[in-house]
Amino acid sequence: MVTTTTARASARLSEEQLLQMYWYMLLSRRLDERAWAMHRQSKIAFHISGMGHEAAQVGAAFAINRGVDYVHPYYRDLALMLAIGITPTDFMMSLYGKKDELSSGARQMPSHFSSKALNIVSSSSPVATQVPQAAGIAFAIKYRQQMGLQDPNDETQPRLVFTTLGEGSTSQGEWHEGMNWAGVHDLPFICMVQNNLYAISVPIEEQMAVAHVADRADAYGVRGVMVDGNDVLAVYDVMAEAVERAYNGDGATLVEAKTYRIVPHSSDDDDRSYRSREEVEEWKKKDPILRFQKVLLEETILSDTLIDDYESRARDAVNKAQVEAEAAPWPAPEEAIGDVYAPLEAI
Amino acid sequence: MVTTTTARASARLSEEQLLQMYWYMLLSRRLDERAWAMHRQSKIAFHISGMGHEAAQVGAAFAINRGVDYVHPYYRDLALMLAIGITPTDFMMSLYGKKDELSSGARQMPSHFSSKALNIVSSSSPVATQVPQAAGIAFAIKYRQQMGLQDPNDETQPRLVFTTLGEGSTSQGEWHEGMNWAGVHDLPFICMVQNNLYAISVPIEEQMAVAHVADRADAYGVRGVMVDGNDVLAVYDVMAEAVERAYNGDGATLVEAKTYRIVPHSSDDDDRSYRSREEVEEWKKKDPILRFQKVLLEETILSDTLIDDYESRARDAVNKAQVEAEAAPWPAPEEAIGDVYAPLEAI
Amino acid sequence: MTVMTLIDAIREAMDEELERDPRVFITGEDVGERGGVFRATQGLHEKYGDTRIVDSPLAELSIVAIGIGAALTDLRPICEIQFADFIHPAFNQIVNEAARFYYRSNGQWHVPLVIRSPYGGGIGGGLYHSQSVEAFFAHVPGLKIVVPSTPYDAKGLLKSAVRDPNPVLFFEPKKGYRAIKGEVPDDDYTIPIGPARIAREGRDLSVFAYGMMAHYTMMAAEKVAREDGIDAEVIDLRTLLPIDKAAILASVKKTGKALIVHEDNLTMGYGAEIAAVLSDEGFEYLDGPVKRYAAPDVPGVPFSHPMQEYFMPNPDKIADAIRDLAAY
Amino acid sequence: MTVMTLIDAIREAMDEELERDPRVFITGEDVGERGGVFRATQGLHEKYGDTRIVDSPLAELSIVAIGIGAALTDLRPICEIQFADFIHPAFNQIVNEAARFYYRSNGQWHVPLVIRSPYGGGIGGGLYHSQSVEAFFAHVPGLKIVVPSTPYDAKGLLKSAVRDPNPVLFFEPKKGYRAIKGEVPDDDYTIPIGPARIAREGRDLSVFAYGMMAHYTMMAAEKVAREDGIDAEVIDLRTLLPIDKAAILASVKKTGKALIVHEDNLTMGYGAEIAAVLSDEGFEYLDGPVKRYAAPDVPGVPFSHPMQEYFMPNPDKIADAIRDLAAY
Ligand SMILES: Cc1ncc(C[n+]2csc(CCOP(=O)(O)OP(=O)(O)O)c2C)c(N)n1
Ligand SMILES: Cc1ncc(C[n+]2csc(CCOP(=O)(O)OP(=O)(O)O)c2C)c(N)n1
Ligand SMILES: [Mg+2]
Ligand SMILES: [Mg+2]
């Protein structure tokens, strides 16, 4: 059964936290826009965007123990990654594929995030593979606690895993099997489906015969919640509850954040064959950043001056990142052949 | 949502049909018992049994257009197969692995049923693979009807697919993906889960975190029904409704038949480590054949004489089958190497 | 004859088969209105509609299984796996199921299924949009595997695949989709699945390749002919399973030397089987070691350009490998 | 030293590793109270309890993925796939995921995972309880593949696998579980993953095998020694990936002739790679064709006894193959 929360955990967020959330959403958007521009300028070969998804991602990020709890993300999670600690330069480096790029040493395409230091687990491209892996991570957390290898109340240790994917990807058997483990073992596991209504061109009606992805939670005995993914505070609220449950050993949650990508699937895509311009325009009006801005302005947490200030900081950060990445060296060709096996001493 | 039917389609079954149903349940049981005995006598190497599942299978068989509608079964479906037209001799031949055995020319282990003539689709051992294939068959039926290749009202043509599996096998991604297609395309598809509470030794609580497999239907937008799988008429009722829906283009149904296997998983298994003898005895009391016998006796459709008569016919049929199979030749060793590719002329 | 690109030839083959046989349909991710991410099915949805050009859910094992089920009823499905890298979830359905139906049912059930998929590197796709996967499937009796390198072959072989009563994996070198052009007859024709093609006759050594590497090998052969006077025979294998042993042995009988080229990584790549055939049945023809020129044994094609170029074979590198073997 | 069966050695290795390291746990179908369908984990649930010996849902891809996830956090999972025939649903998690984590994260994340699975035919299992699947995975850099043939090796190699920071596939010849017995030291020992083992020194020719076929090949070698005076060297490969090229080449350098034996079907079986290595790097040592003795190219081991025996290699057939090559 899908439930929506009533307790407003977001009421406890400080002004500073709210402004940070705004900042990461804005920074993500500006960085993302720059990537599109760089692609049009043929500076980079590929970009896949999170534009439109920022509220879902940043709302979620602030509810977990960022940099400590495990996150197993997907390619659209730029804002989530920034909020956890991936820097604009890291991202720019991956767009170019420069030497020592953080996630993969430039072996992977951009937006295949990884940072061991931040407990961001390396992601691949085949969709949904991360979900049963994330269940395995959650299993390990519970195992360590049961075996006395980890204190369940130690906040310096990861106490849950947060994984994300698109609604289309829930069609994969991988998703089913991961959710099932999470339910059977009541794992500290949160799966957020960012439902943007399309899987590339395939609309949700051709993807599944249910109205809400969250309805599928019942099949696994996990809690299912549905939230307006363009409302960052609403996302924070449902996530905070899910996090609480995970920390308390109360089990797994499936969060469905309803949102929309306001740009094509990727820089290789042209969405005009499958989405009407009217539909896209309609959703642009529901832009999660403008919406949050309005809330913050109403509550006088933001001001017009501050908005300008944030804009110019974002612009500077993006510029700086681009300059740094452009200046960075390319990997040596032979770096293609390292790291096939971890050395035995690694254990 | 799980619904249980109220209309009693079984009220329309003739005495003759009821007796046929009784016959196939009995025949299956006696054949199955013989197979166990043959295994103990070291005449055969392996047997996997349907004992306890006869009501679920025969109730289902009589609701479909037997021998015409496609059936994609699993290894426990002996009674279902007999009701559709596989003979005791066919089965005995497969136990021995004799030449020209019907399902596979003795290439497969016993209980991997197939008969092209009866539209019983060849089954493999990896569980749940049949489910998305069955969805493909259902897709093809709908396709042929839409393309005008087949008249939807032509009863000599297959108009639905019926597939079966155990509750444990619903953990497979294959099941998820097959169910999803059935829902998205509203296919003439019926999936019956024979829930016998265990997957070999693994109890349902370690398999899934839901009370009823039928609850999972909601995740696919298909109808879910739950039925006492030891009550052959109740099974017939829910199946008849599912069949009606399929024929009318009203979509797919997931039927959960609650039952129990009253013997170990297979002749290789010893169930004492994971099931209490009390539990097994408890279920033996709910034997579906005795239960149906009682109903038929009460309604004076069966009599004690008739019971004896059926018993001796069953014994004769089983004896005859065993004699025939024992007398049949072995395959030539070189038959191992035929049938890798269908010849081009086959199309 | 019309000059067209590889992908146009593939699209035409499907268009004509859809036209010819109402049992043919296409399913896969984004094959409908979107016309496929590489545009292989562009325009087909408009022409044939929702019933025959079916956008699938994002779930490869079921794309294949739906195809198997439909094929069992004697329809003629063409399943598209968007990138070969994403065929792995369908491995069970392909290897345990599609390949075994005919054998396991003693010839009762056959599976006339085509699985099309773009494969190969050099397009900035990184580990998961660059894979070569043919070697896995070439181990599986019951499957047929086709990898065309020219528009002419692609169209004729794809038509044969659609008409074949067996499961056929049809791997398309995506780097060549638009880069490779060639003449294609205007009328209906097929090319049989099985026989390799002598792409260039030569006397000095034999080079075996397929897909994009067959294309590159032709360039390399012209180069060494021009620059070094080496006369290389180039065999475009086209069909990997069943393997055309006769053609392979005949060529090496003539030349005495063999080089196998693939962009898949070396160990247990398809070249291993050719080398094994030659080192047994062709042993007495061999005047030198059987050489394989292949990608390095690392877990994928790296994204960043310098590393990708290091990984990928190309005409120059193949020319060097030819020269080395010629000098033996 | 204690004489024990192959499966006892495997169980002991797991027991001792569970004892040694609290990060080690086991999951798979029926591994708990039931002790595994082959009894490989018998008694372990009783000893280590529900937390460490975990019955999984009936779902192989998630068995492996749970293992991967746990391994990423530096636990030491041992995942059991009940029969190798059922590893195919997990192909994506093994090939696209486990094998690539270290490379794709530039060495940040490693996956210390063991996947154990019984494989092989000759036990009346038909198409789906008899498969050999090592060839598929031997193509995948990033994986290690071990196939022991003696209790001593099995125990020592399984311990190494558990302690290895990489994903290790550990395939167990199930026909030998109780049929193969041997001495096993009483104290803790490991055998490194990688090196092949000279199971029998010989001068006339080299035979390469692994698993049940290594066992059979030893019997065949003794037979031809006795009956024909042929002195065959037998190399038990033990580790298939990484491949021990040095050992293979050294043996053929000595003997000049090579036979490779496996019960997997011929085409693109593991023997292809050995033949390919020999036909290149060992070319100058070869005094005869490189021979492969393998199962026929059909989609599976048939169930019925006469057909199964026709399909399966056995000591007599291997002895014949040795004689044929020796006579070349
Ligand atoms: C297994 C697999 N199949 C196909 C693809 C190609 N692909 C990449 S993203 C995508 C659509 C994903 O849709 P959804 O899950 O809704 O996420 P969204 O992109 O909409 O956020 C597809 C088909 C893939 N990456 N992996
Ligand atoms: C993919 C796969 N994994 C494992 C097995 C081994 N196996 C055969 S039957 C079985 C249990 C099936 O349980 P369930 O689905 O509940 O059906 P039941 O046998 O109880 O009728 C298992 C694990 C298999 N056949 N296929
Ligand atoms: Mg989406
Ligand atoms: Mg069961």
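The values are calculated or read from the model by the stated rules, or taken from the named source; none is laboratory data. Please read all numbers here as calculations on a predicted model, not as lab measurements. FYI the Cβ positions are ideal-geometry reconstructions off the backbone, even for glycines, and counts take in every protein chain you see.
One residue is enough: does the stretch A:318-330 have a residue meeting the conditions among the hydrophobic types (A, V, I, L, M, F, W, C), within 14 Å of chain C (Cβ to nearest Cβ) and within 25 Å of the chain's Cα centre (by Cα)? Step through it out loud before you land on a result.
Step one: of the stretch A:318-330, the residues among the hydrophobic types (A, V, I, L, M, F, W, C) are A:318, A:321, A:323, A:325, A:327-328, A:330.
Now drop any that are not within 14 Å of chain C (Cβ to nearest Cβ), which leaves A:325, A:328, A:330.
Among the residues that remain, those that are also within 25 Å of the chain's Cα centre (by Cα) are: A:325.
Yes, some residue in the stretch A:318-330 is among the hydrophobic types (A, V, I, L, M, F, W, C), within 14 Å of chain C (Cβ to nearest Cβ) and within 25 Å of the chain's Cα centre (by Cα).
Residue-by-condition table, conditions (1) buried (at least 24 other Cβ atoms within 10 Å of the Cβ); (2) within 16 Å of ligand 4 (Cβ to nearest atom); (3) of a type in the set (Phe, Trp, Tyr); (4) within 14 Å of chain B (Cβ to nearest Cβ):
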| site | (1), (2), (3), (4) |
| --- | --- |
| A:145 | no, no, no, no |
| A:155 | no, no, no, no |
| A:159 | yes, no, no, no |
| A:215 | no, no, no, yes |
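Within the stretch B:127-142, can you find the residues that are surrounded by 23 or more Cβ atoms within 10 Å (Cβ to Cβ) and not aliphatic (A, V, I, L, M)?
Of the stretch B:127-142, the ones surrounded by 23 or more Cβ atoms within 10 Å (Cβ to Cβ) are B:127-141.
If the condition is that a residue be surrounded by 23 or more Cβ atoms within 10 Å (Cβ to Cβ) and not aliphatic (A, V, I, L, M), then B:129, B:130, B:132, B:133, B:136, B:139 are the ones that fit.
Would you check which residues across the stretch C:156-198 are among the polar types (S, T, N, Q) and under 20 Å from residue C:27 (Cα atoms) and list them? Steps first, answer last, please.
Let us first name the residues in the stretch C:156-198 that are among the polar types (S, T, N, Q), namely C:160, C:166, C:190.
Result: C:160, C:166.
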- Query: Among the residues of the stretch A:333-347, which ones are more than 7 Å from every other protein chain (Cβ to nearest Cβ) and under 14 Å from residue C:304 (Cβ atoms)?
  - Reply: A:338
- Would you be able to tell me the number of residues in the stretch D:4-39 that are aliphatic (A, V, I, L, M) and either under 19 Å from residue D:163 (Cα atoms) or over 21 Å from the mean Cα position of the chain (by Cα) (or both)? 7
- Inside the stretch D:261-293, the number of residues satisfying the requirement of being farther than 17 Å from residue D:139 by Cβ, more than 7 Å from chain C (Cβ to nearest Cβ) and touching a strand residue (DSSP E or B) at 6+ places or on another chain (Cβ under 7 Å) is 3
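Residue B:184: over 24 Å from residue B:108 (Cα atoms) and within 16 Å of ligand 3 (Cβ to nearest atom), yes or no? First the steps, then the outcome.
Values: over 24 Å from residue B:108 (Cα atoms): yes; within 16 Å of ligand 3 (Cβ to nearest atom): yes.
Yes; evaluated as a whole, the condition is true for this residue.
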- Inside the stretch D:172-222, can you point out the residues that are in contact with a Leu (Cβ under 6 Å, 6 or more places away or on another chain) and of a type in the set (A, V, I, L, M)? D:180, D:191, D:196, D:205, D:207
- Item | Answer residue from the stretch B:86-125, given it is within 7 Å of another protein chain (Cβ to nearest Cβ), surrounded by 23 or more Cβ atoms within 10 Å (Cβ to Cβ) and not hydroxyl-bearing (Ser, Thr, Tyr) and is farthest from residue B:337 (Cα to Cα) among those | B:121
- Can you tell me which residues in the stretch D:221-238 are at negative phi, buried (at least 24 other Cβ atoms within 10 Å of the Cβ) and not hydrophobic (A, V, I, L, M, F, W, C)? D:236
- Task: Among the residues of the stretch D:85-100, write down those that are away from ligand 2 (no atom under 11 Å from the Cβ) and touching a residue at least 40 places away in the same chain (Cβ under 8 Å).
- Result: D:91, D:94, D:95, D:98, D:99, D:100
- Query: Inside the stretch A:179-223, can you point out the residues that are assigned to a helix (DSSP H, G or I), away from ligand 1 (no atom under 11 Å from the Cβ) and among the β-branched types (Val, Ile, Thr)?
  - Reply: A:184
- Query: If you scan the stretch D:273-328, which residues turn out to be among the small types (Gly, Ala, Ser) and in contact (Cβ under 8 Å) with a residue 40 or more places away in the chain?
  - Reply: D:288, D:295, D:300, D:319, D:321, D:326
- Message: Please go through the stretch B:175-213 and give me each residue that is within 8 Å of ligand 2 (Cβ to nearest atom) and facing chain A (nearest Cβ under 8 Å), ordered by number.
- Response: B:207
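How many residues are closer than 13 Å to residue A:49 by Cβ and either at pLDDT below 95 or small (Gly, Ala, Ser) (or both) when one looks only at the stretch A:232-267? Let's see the steps before the verdict.
Pass one, the stretch A:232-267, residues closer than 13 Å to residue A:49 by Cβ: A:259-267.
Still in the list and also either at pLDDT below 95 or small (Gly, Ala, Ser) (or both): A:266-267.
Matching residues across the stretch A:232-267 total 2.
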